[in-house]
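Asks: One structure is given below, represented as structure tokens, and several questions about it will come after.
The values are calculated or read from the model by the stated rules, or taken from the named source; none is laboratory data. Note that the coordinates shown come from a computational prediction; the quantities given were computed from them, not determined experimentally. We place every Cβ from the backbone using ideal geometry, glycine too, and count neighbours over all the protein chains shown.
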Amino acid sequence: MFLTIEDEWLAVRNASVAARGVLADLLYLIERAKDKKGTLQLGDVVLRMIGVSESEFDGYVKELISCGVLVVGDGLITSGRLERDQRIRAILTENGRKGGRPRKQP
């Protein structure tokens, strides 16, 4: 759940302490999202769970987007890392259907 990639951690270090706290809460909520696609529907429930006002939340999210750790679109919020991992997982699944790892050419 927590950022383990050095580049992402360094990117987050440029954000304010409050934004990093919001990020930790969001990553937990994204991980536990019911749709299991790694996205979270924004709304009053999320704001109450995090404990910030809508204007504060918007500011923190903009800060985290500028750091490159969050992606927002169509009212959904996701982690850039989770999005990349999902694409890689799909590619690996497809390779598994084809018989696994391709043979190396001599």
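Asks: Of the residues that sit in the range 56-70 and are β-branched (Val, Ile, Thr) and surrounded by 18 or more Cβ atoms within 10 Å (Cβ to Cβ), which one is nearest to SER16 (Cα to Cα)? Let's see the steps before the verdict.
Replies: Quick first cut of the range 56-70, residues β-branched (Val, Ile, Thr) only: 61, 65, 69.
Those still in the list that are surrounded by 18 or more Cβ atoms within 10 Å (Cβ to Cβ) too: 61, 69.
Numbers: VAL61: 11, VAL69: 13 Å.
Looking at the filtered set, the residue picked out is VAL61.
Asks: From the list ASP25, ASP7, exactly one residue is at pLDDT below 70, in a helix (DSSP H, G or I) and either on the phi > 0 side of the Ramachandran plot or of a type in the set (D, E, K, R) (or both). Which is it?
Replies: Of the residues listed, the single one that is at pLDDT below 70, in a helix (DSSP H, G or I) and either on the phi > 0 side of the Ramachandran plot or of a type in the set (D, E, K, R) (or both) is ASP7.
Asks: Answer yes or no as to whether VAL45 is among the aliphatic types (A, V, I, L, M) and part of a helix (DSSP H, G or I).
Replies: Yes: the conditions hold for VAL45.
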